[in-house]
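The values are calculated or read from the model by the stated rules, or taken from the named source; none is laboratory data. Since this is a predicted model, take the numbers as computed values, not measurements. Counting neighbours? That spans all protein chains shown, and the Cβs are built from the backbone with ideal geometry, glycine included.
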Amino acid sequence: MPSPIDTDYDRVAYPSFAHVQTFPENLANRAWLRGMDPAHPGRCRVLELGCGDGFNLAAMAMIYPESHYTGIDYSSEAIERGRRMMAELGLGRIRLEAADIRDPGIELGEFDYIIVHGVYSWVPEDVRDAVLSLMGRHLAPQGVGFVSYLAYPGAYLREMLRTMVRFHSRGAVEPSTRIRQSRALLDLLSNATTVKNHYTEWLKSETALVANHTDEGFFHDELSDTSHPVLFTDFLAHAATHSLQFLSEAEYLIPIGRPLTEVARERLRPLETNRILLEQYLDFIEGRRFRQTLLCRNGLGAELRVDRLDALSVSFDGLRDSPIVAPLEADSSVEFPSAKEAVILASRPLEKAAMLELIEQRDTLPFPVLRAAVARRMQAADLPLTEGWDQELALFIVKANAPGVIELNWEIPAWASRLPDRPQTSALALWQIAHGDQKIVTLGGTFVKMEGSLGRKLLSLLDGTLDRAGILQQIQAYISERTASGSTEAPGSPPIPAADDPQLPAQLEQGLLGLLSMKLIRRE
């Protein structure tokens with residue numbers, strides 16, 4: 001048996017998160033558009049190494065309930081928490097095991113998607129090798145592996161601050177003491193000098209970035225005993241020793257939107273035929289510090305196939321409260337902001353037409369349907385459809401595709417585009433509300449903050465059994481109880497209306513529409 005790994009995960013639980021970029025549909029999209037034949041995300045086998053309590057797998061199961069999931073983590077306490085959660089949620093297709101990645105000691109079999117998020121750069125060398133070895137042995141022939149890791153050169157900046165906080169807290173034993181001392185140092189460093197130079201400006205921005213981390217995440221990331229950043233090309237060399245190769249990044253299929261000068265574009269053009277070297281040099285230019293790389297079997301995924309977009313549907317998670325005016329014929333770029341704080345920049349008329357159609361429909365559209373709608377908009381504006389326009393449109397969508405922004409779907413999504421008569425949220429969202437979580441995972445795999453008591457109460461009622469009248473009755477009873485008990489809202493929260501307020505039904509409808517836009521209501 002391998003020697004035990006020193007771990008603090010039983011003492012300080014890592015925060016539960018869902019990571020939409022790791023979801024099977026995102027991985028399948030990348031593989032499909034690179035000529036592979038990946039397993040359907042709704043009927044697949046998923047393995048997550050370093051799964052914690054399995055929350056990420058539970059979020060997947062809300063969207064793809066027919067798939068099978070296995071999670072492995074070294075922390076037995078995290079696994080036990082996860083098993084209790086799965087039992088309460090009735091998720092019998094999720095198997096959680098406390099095991100050592102180097103020697104799991106359990107029967108695993110073959111998996112269509114293997115996910116290793118937040119592990120590779122934070123474990124010793126033998127565990128890093130075991131991660132890729134296990135992936136090489138258990139990944140299906142057309143399977144996709146996901147590995148995230150700290151990347152050079154940007155991680156050098158992170159390591160500078162990590163060195164400082166670890167030095168400052170070196171004498172502390174208790175995690176809470178180490179966190180408190182380290183945060184005190186961050187506060188000092190961010191306000192220590194009036195001098196402005198490259199170093200002090202970097203220090204201010206870096207301390208501000210780390211200050212937003214949760215205490216648990218800060219403890220396991222910045223204060224971890226192990227930190228192993230690598231060059232992108234060195235990571236791929238390691239993967240190659242286990243017969244694995246680069247497929248794409250999880251966030252994008254084609255690197256785009258880089259603010260490069262014309263000189264840089266010209267000098268990098270010879271690398272367009274060597275996308276691995278191109279990615280490495282872009283890391284040098286941007287100072288990238290973190291990568292989420294997809295791997296596949298050797299000999300696959302070499303060719304981009306935008307024609308395969310015809311088999312998928314497209315949706316845009318855009319902001320709904322700001323109408324966009326974008327005349328197609330205007331010679332200017334238009335920004336389309338997404339709910340994920342990303343912006344899609346549309347410059348050509350067909351790009352603007354596609355974005356306007358996606359916003360107007362507020363639902364996922366089969367790409368052939370979107371293409372036909374773009375043609376109609378172009379013809380209505382008396383704009384010509386030049387030769388190859390359909391390929392240009394497909395390439396625009398593929399380039400813009402990113403989890404939580406422009407999404408590609410294999411089937412009709414779980415989230416609703418219109419309010420059903422009896423609104424229903426996910427079992428996981430109801431479980432989170434019942435357990436007091438402030439950030440709730442949506443049916444799109446992202447998180448939204450739910451802090452106001454009335455909004456949380458509304459979400460807790462959406463089990464699919466109540467129509468509008470029933471929901472209104474429950475909300476009125478809730479408001480009456482709070483009024484009778486003298487309860488007040490937290491500072492900054494919107495005031496709760498009176499139970500007999502004639503505007504309450506309209507406010508309720510607006511609240512439901514808000515939950516709908518957040519992808520918190522399930523499609524009928």
One residue is enough: does the range 326-333 have a residue meeting the conditions closer than 25 Å to Asn29 by Cα, in contact (Cβ under 8 Å) with a residue 12 or more places away in the chain and of a type in the set (D, E, K, R)? no
Hits in the range 120-135 (condition: among the small types (Gly, Ala, Ser) and either crowded, with 18+ Cβ neighbours inside 10 Å or within 24 Å of the chain's Cα centre (by Cα) (or both)): Ser121, Ala130
Given the criterion modelled with pLDDT of 95 or more, over 29 Å from Leu350 (Cβ atoms) and under 18 Å from the mean Cα position of the chain (by Cα), identify the matching residue among Leu461, Leu428, Leu443. Leu428
Quick one: which residue in Ala240, Ala250, Ala211, Ala192 is of a type in the set (A, V, I, L, M) and closer than 18 Å to His117 by Cα? Ala250
Of everything in the range 337-368, what is exposed (fewer than 15 other Cβ atoms within 10 Å of the Cβ) and without any contact (Cβ under 8 Å) to a residue 24 or more places away in the chain? Give them in sequence order. Pro337, Glu341, Val343, Ser347, Glu360
Which residue pairs have Cβ atoms under 8 Å apart, sit 6 or more places apart or on different chains, and have a first residue in the range 391-410 that is closer than 18 Å to Val343 by Cβ and a second that is among the aromatic types (Phe, Trp, Tyr) and assigned to a helix (DSSP H, G or I)? Ile397/Phe367
Kindly establish whether Asp225 is in contact with a helix residue (DSSP H, G or I) (Cβ under 7 Å, 6 or more places away or on another chain) and either under 30 Å from Leu185 (Cβ atoms) or modelled with pLDDT of 85 or more (or both). no
Determine if the range 67-83 includes at least one residue that is surrounded by 21 or more Cβ atoms within 10 Å (Cβ to Cβ), out of contact with any Ser or Thr (no Cβ under 8 Å at 6 or more places or on another chain) and part of a loop (DSSP other than H, G, I, E, B). yes
Give the range 63-72 a look and list any residue that's touching a residue at least 40 places away in the same chain (Cβ under 8 Å) and of a type outside the set (Phe, Trp, Tyr), or say none. Ile63, Ser67, Thr70
Return the only residue of Leu385, Leu393, Leu419, Leu328 being under 28 Å from Leu512 (Cβ atoms) and either touching a Phe, Trp or Tyr at 6+ places or on another chain (Cβ under 8 Å) or not aromatic (Phe, Trp, Tyr) (or both). Leu419
Single condition His117 does not satisfy, out of (1) surrounded by fewer than 23 Cβ atoms within 10 Å (Cβ to Cβ); (2) over 26 Å from Glu249 (Cα atoms); (3) under 23 Å from the mean Cα position of the chain (by Cα): (2)
Of (1) within 28 Å of Ile433 (Cα to Cα); (2) part of a helix (DSSP H, G or I), Arg95 satisfies all except one. Which? (2)
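Yes/no matrix, rows are residues, columns are (1) within 28 Å of Ser313 (Cα to Cα); (2) basic (Lys, Arg); (3) touching a helix residue (DSSP H, G or I) at 6+ places or on another chain (Cβ under 8 Å); (4) not assigned by TED's automatic domain parsing to the domain that holds Pro491:
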position: Ala416; (1), (2), (3), (4): yes, no, yes, yes
position: Leu419; (1), (2), (3), (4): yes, no, yes, yes
position: Ala434; (1), (2), (3), (4): no, no, yes, no
position: Gln438; (1), (2), (3), (4): no, no, no, no
position: Phe447; (1), (2), (3), (4): yes, no, no, no
position: Met450; (1), (2), (3), (4): no, no, yes, no
position: Leu458; (1), (2), (3), (4): no, no, yes, no
Among (1) touching a residue at least 12 places away in the same chain (Cβ under 8 Å); (2) part of a helix (DSSP H, G or I); (3) surrounded by fewer than 24 Cβ atoms within 10 Å (Cβ to Cβ); (4) not acidic (Asp, Glu), which single condition is His40 missing? (2)
Which ones in the range 232-248 are within 16 Å of Ser121 (Cβ to Cβ) and within 23 Å of the chain's Cα centre (by Cα)? Phe232, Phe235, Leu236
Residues in the range 43-66 that are of a type in the set (Gly, Ala, Ser) and assigned to a loop (DSSP other than H, G, I, E, B) total 3
Which pairs do you get when a residue that is outside any loop (DSSP other than H, G, I, E, B), found in the range 98-109, comes within reach of a residue that is β-branched (Val, Ile, Thr) and surrounded by 10 or more Cβ atoms within 10 Å (Cβ to Cβ), reach meaning Cβ atoms under 9 angstrom, with the pair 6+ apart or on two chains? Ala98/Ile72; Ala98/Ile79; Asp100/Ile5; Asp100/Ile72; Asp100/Val127
When both residues are 6+ apart or on different chains and their Cβ atoms are under 7 Å apart, which pairs have a first residue that lies in the range 293-309 and is on the phi < 0 side of the Ramachandran plot, and a second that is polar (S, T, N, Q) and buried (at least 23 other Cβ atoms within 10 Å of the Cβ)? Leu294/Ser248
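Yes or no, residue by residue, for (1) surrounded by 15 or more Cβ atoms within 10 Å (Cβ to Cβ); (2) assigned by TED's automatic domain parsing to the domain that holds Ala140; (3) more than 26 Å from Met36 (Cβ to Cβ); (4) among the β-branched types (Val, Ile, Thr):
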{"site": "Glu249", "(1), (2), (3), (4)": "yes, yes, no, no"}
{"site": "Val263", "(1), (2), (3), (4)": "no, yes, yes, yes"}
{"site": "Pro270", "(1), (2), (3), (4)": "no, yes, yes, no"}
{"site": "Ile276", "(1), (2), (3), (4)": "no, yes, no, yes"}
{"site": "Arg288", "(1), (2), (3), (4)": "yes, yes, no, no"}
